[in-house]
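What follows draws every value from the coordinates through simple rules; no lab data is involved. Source: prediction; values computed, not measured. With ideal geometry, Cβ positions are generated from the backbone for all residues, glycine too; neighbour counts draw on all protein chains shown.
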Amino acid sequence: MNYDKELVAHKLLRWERAMNGFSLPSWENIPDIGLYMDQVIVLLSQYLGLISPSLDKEGPENDPSSDEKIFSASSVNNYVRLKIMPAPVKRRYYRVHIAYLIIILTLKQAVSINIVKEMLSNEMPEESVQELYCDYVEKHRAAAKLFTSIVRECASDVLNPEKSGDNLVSGFVIQEAIIAGFSKVLTEKLVNLKDRSFDDVVSKETPIERGE
């Protein structure tokens, strides 16, 4: 696998600048007029295009049979069926629905839909959804800032024009994949603690898990 180090460094800096100016839409800026599915797809592509470049696109070579399409009418129907989000009202999607979809699609980049289901409830009043969404936007923005700083640190050799070597970029790519894996595992472990008590969990730990 060969990389053009100068190209990668250029793209990393462009991405960093874009991420530093990116934020999810505020609750007030999400339309509440009742949109049809095709309008929702366009809207979410605008909201999430920077962090989900494959949103509403087919998989490799635009192959319709690919399972890499991350957002479609059938996927939304599946979220409703799984009770992760409320059903549309007469085929129309309002602010609450779009807020749910923003959260689902951004979380789904890192964890499975079953984990997302454990993290959300579709039975909240609108005021609670608004509170959840506004808190999520703040956490997403803070996490983006933290991540860009981590990326810059990990990519220091890639961004340094005086550094050279065939493995600089490939090593950086591998490191980013490892970081993503750690985050995924930790999230799943934390979600698995939901509705469990301290005594129940700790009593089943092995001596090694307890650090003995």
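Do we have any residue at all in the range 96-113 that's over 15 Å from the mean Cα position of the chain (by Cα), of a type in the set (Phe, Trp, Tyr) and surrounded by 10 or more Cβ atoms within 10 Å (Cβ to Cβ)? Within the range 96-113, none of the residues are over 15 Å from the mean Cα position of the chain (by Cα), of a type in the set (Phe, Trp, Tyr) and surrounded by 10 or more Cβ atoms within 10 Å (Cβ to Cβ). Take the conditions (1) in a loop (DSSP other than H, G, I, E, B); (2) over 25 Å from Lys108 (Cβ atoms); Arg196 misses just one of them, which is (2). Applying the condition of being in a loop (DSSP other than H, G, I, E, B) and of a type in the set (Asp, Glu) to the range 1-56 and asking which residue is farthest from Phe147 (Cα to Cα) yields Asp32.
Looking at Tyr79, is it crowded, with 18+ Cβ neighbours inside 10 Å and within 27 Å of Tyr36 (Cα to Cα)?
Numbers: crowded, with 18+ Cβ neighbours inside 10 Å: yes; within 27 Å of Tyr36 (Cα to Cα): yes.
Yes: the conditions hold for Tyr79.
Within the range 83-91, can one find any residue that is closer than 16 Å to Asn29 by Cβ, among the aliphatic types (A, V, I, L, M) and surrounded by fewer than 19 Cβ atoms within 10 Å (Cβ to Cβ)? Show your work before the answer.
Taking the range 83-91 first, the residues closer than 16 Å to Asn29 by Cβ are none.
No, the range 83-91 contains no residue that is closer than 16 Å to Asn29 by Cβ, among the aliphatic types (A, V, I, L, M) and surrounded by fewer than 19 Cβ atoms within 10 Å (Cβ to Cβ).
Beta carbons closer than 8 Å, at least 6 apart along the sequence or on distinct chains, never pair a first residue in the range 38-49 that is among the polar types (S, T, N, Q) with a second that is exposed (fewer than 14 other Cβ atoms within 10 Å of the Cβ). Scanning the range 148-165 for residues that are under 11 Å from Lys5 (Cβ atoms), in a loop (DSSP other than H, G, I, E, B) and free of Cβ contacts under 8 Å to residues at least 40 places away in the same chain yields a count of 3. Within the range 92-137, being touching a residue at least 60 places away in the same chain (Cβ under 8 Å), under 23 Å from Asp38 (Cβ atoms) and assigned to a loop (DSSP other than H, G, I, E, B) holds for one residue alone: Tyr94.
Residues of the range 159-190 that are under 25 Å from the mean Cα position of the chain (by Cα) and either β-branched (Val, Ile, Thr) or over 23 Å from Lys108 (Cβ atoms) (or both): Val169, Ser170, Gly171, Phe172, Val173, Ile174, Gln175, Ile178, Ile179, Val185, Thr187.
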